[in-house]
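Heads up, the thing below is written out as structure tokens.
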Amino acid sequence: MEQLEQEGRRPRLLLHVCCGPCASYVLECLERYFDITLWYSNSNILPEEEYEKRLYWLRKLLEITGRTESVALMTDGYEPEKFLQLAAGREQEKEGGERCRACFRMRLEKTAQEALRGGYEYIGTTLTVSRHKNAEVINGIGRELAEMYGVKWLPADFKKRGGSDRSSALAEQYGLYEQTYCGCGMGR
């Protein structure tokens, strides 16, 4: 990112985002380097009421922080049957197993496809701000998909250097809803 700052340019980033609390800290980290569009692609979130609640609070974050003009938000629609199909037979796995890897791939592939369609230079995700997510796995999937679709992957482990704690502190400061599970609720 130092290179981007030195070049004085702000490339376009399509940032996959799962919820307001995770987005709060990641936006704080990235907004000076990129023109950011948040991409809410989360058909893994069950039930639909939870999906809508997280989207509502993501929009609320942009309002509360005055970012509604500087940060765009796009969604790809809610298709839980696609997640349920890829999770079939893996319902009892603990968080972090093959079901999660398939879920990461599903959401990040949609991100890469949309980035290619929309002319974004970079893709990334807020998922690595969670203490429960393996950044190495997520970054590996992201790199592979970025290469496949001809975009750049923004490697990150946002939980480092107190990122998870900062995310929680910002959520509390802004009065954001903080969910108690990843999304699908399987393997808890």
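The values are calculated or read from the model by the stated rules, or taken from the named source; none is laboratory data. This is a predicted model, so every value here is computed, not measured. Methodologically, a virtual Cβ is constructed for each residue, glycine included, from the backbone with ideal geometry; neighbour enumeration extends over all protein chains shown. Areas reflect the complete protein model, heavy atoms only, side chains present, ligands, DNA and RNA absent. Shrake-Rupley method; radii C 1.70, N 1.55, O 1.52, S 1.80 Å.
Some notes on this structure:
- Listed pairs 53/133; 82/110; 60/133; 82/133; 133/160 exceeding 23 Å between Cα atoms: 60/133
- Global geometry of segment 64-105, whether rounded, prolate or oblate, following the gyration tensor of its Cα atoms and the 1.5 cut on a/c: prolate
- Accessible surface of the chain, 1.4 Å probe: 46 percent of it comes from carbon and sulfur atoms.
- Spherically averaged projected area of segment 76-150 from its Cα convex hull (nm²): 5.4 nm²
- Per residue accessible area in Å² of the chain, where ligands, DNA and RNA are left out and the probe is 1.4 Å: 50 Å²
- Relative contact order (%) - criterion: Cα under 8 Å, at least six apart; region: the chain: 30 percent
- Compactness relative to 2.2 N^0.38 Å, alpha carbon Rg of segment 1-96: 1.27
- FRET efficiency, 1/(1 + (r/R0)^6) with R0 22 Å, evaluated for residue 98 and residue 147 via beta carbons: 0.50
- Translational diffusion coefficient of the chain (Stokes-Einstein, Kirkwood radius from Cα pairs, 25 °C, 0.890 mPa s): 148 µm²/s.
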